[in-house]
1. How many nm separate the modelled label positions at residue 110 and residue 177, each set 7 Å beyond the Cα in the direction of the Cβ?
2. Mind giving me the FRET efficiency for residue 162 and residue 305? R0 is 51 Å, r the Cβ-Cβ distance, nearest 0.05 is fine.
3. For the stretch 174-218, what % of the accessible area comes from carbon and sulfur atoms, probe 1.4 Å?
4. Determine the sum of side-chain charges near residue 65: Lys and Arg each +1, Asp and Glu each -1, restricted to other residues whose C-beta is under 13 angstrom from that of residue 65.
5. State the percentage of accessible surface on the stretch 69-143 attributable to carbon and sulfur atoms; use a 1.4 Å probe and exclude ligands, DNA and RNA.
6. What is the local net charge at residue 264, summed over the other residues whose Cβ is closer than 12 Å to its Cβ (Lys, Arg +1; Asp, Glu -1)?
7. Calculate, for residue 298 and residue 131, the FRET efficiency according to 1/(1 + (r/R0)^6) with r their C-beta to C-beta distance and R0 22 Å; round to the nearest 0.05.
8. Please sort 291-303, 123-135 by packing, taking for each peptide the average over its residues of neighbouring beta carbons within 10 angstrom, highest first.
Amino acid sequence: MTTTNISSNYLTTAMLPSIAQTQATLAADGVELSTGQYANLGLQLGDQSGYELSLKNEYQQLQSLTTSNTVVTTDMTTAQDALNAILSDAQSAQSSLTTWTSNAATSSPTLETIGADGLQALTSMANTTSNGAYVFGGVNNGVAPMNDYFSTPASAASTAVSNAFTSALTAAGATPSTISASDMQTFLNGPFAALFTGSSWTSDWSNASSTNTTAEIAPGQTSVTSTNINQPGFQDITEGYTMLAAFGNAGLSPSAQQAVASTALSLISQGVTALTSQTANLGSSMAQVTNATNSMSSQMTILQTQIGNLDNVNSSAVATQLTQLSTQLETAYQLTSQITKLSLAQYLPVA
């Protein structure tokens, strides 16, 4: 017959691995209960880890695009508001010009005032910024799109207008007060109009790019997200205002002055029509961005649910297990304490 010696030290150390494992599980459960997610996702998900990672990557992409769409929407809203202000001013100028042409002798304000006020307001609106960028600059949105006609020293545009008028007077053998309505009309339709198109426009008036900005508003979907002042609407209204500002109080004969007013009214009316179309196009782009953002929001909700099904723990089950493990650990501590107190001396006969 053989006997096996079991010491109290052996019993104590034999419980240590179990206690350590319980402590580790308890710590993991504590993390899961506080975060709501598995402490070791890789171990929990196994071969589903790659699928979970792809879901998170897709969610982050949609979140990034949603954030950028917020900026894009702000920029386009700013541009839309500026266009509406430009249109409002132009329509007011139309009304004033209509009144002037019907009763030039007594109407107020003067043609020069209508043009100067309109051109200054147009320049201010054309140089509107949003998030540090000029909304009417196209892709060249780091520079103010429209030069100031009234700047000091004289702007290139102002000098060009003055030189063109001097040449027209010389060619007609006239002065401002003697130039005929017919010659004035020829000048306005020809040399003067040329100052607001092509290279003259881009060198004297505009710093904008004719290429508008685009942005990815959803995975695989891009949209035009800006407009620019190199558009007929801006050019027509600028030409009309400048005509009034330059010649409305230049000492022209009544008939020549009437030609200026009528031509300016026609140009501003053309510009209003063109800018109204431009505003509608920008509104269409804004709607695309809004729809894309709403669609991505729905997709993100679905992805969150899928990710949650993989990552999230059952809080009730974890809490129950946490309580059970705490009880087991406390019991193990008590047993260990009692075992360490055991002594052979307690069982030896007293002499």
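The values are calculated or read from the model by the stated rules, or taken from the named source; none is laboratory data. None of these values were measured; they are calculated from a predicted model. Cβ atoms come from the backbone with ideal geometry, glycine included; neighbour counts cover every protein chain shown. The area values use the complete protein model at the heavy-atom level, side chains included, leaving out ligands, DNA and RNA. Shrake-Rupley method; radii C 1.70, N 1.55, O 1.52, S 1.80 Å.
1. Result: 1.5 nm between the two label points.
2. Using R0 = 51 Å, I get an efficiency of 0.15.
3. Looking at the stretch 174-218 in its full context, I get 52 percent from C and S.
4. -2
5. Here carbon and sulfur together make up 48 percent of the probe-accessible area.
6. Once all neighbours under 12 Å are counted, the net charge is -3.
7. With R0 = 22 Å, the Cβ-Cβ based efficiency is 0.25.
8. Highest to lowest by the protection proxy: 123-135, 291-303.
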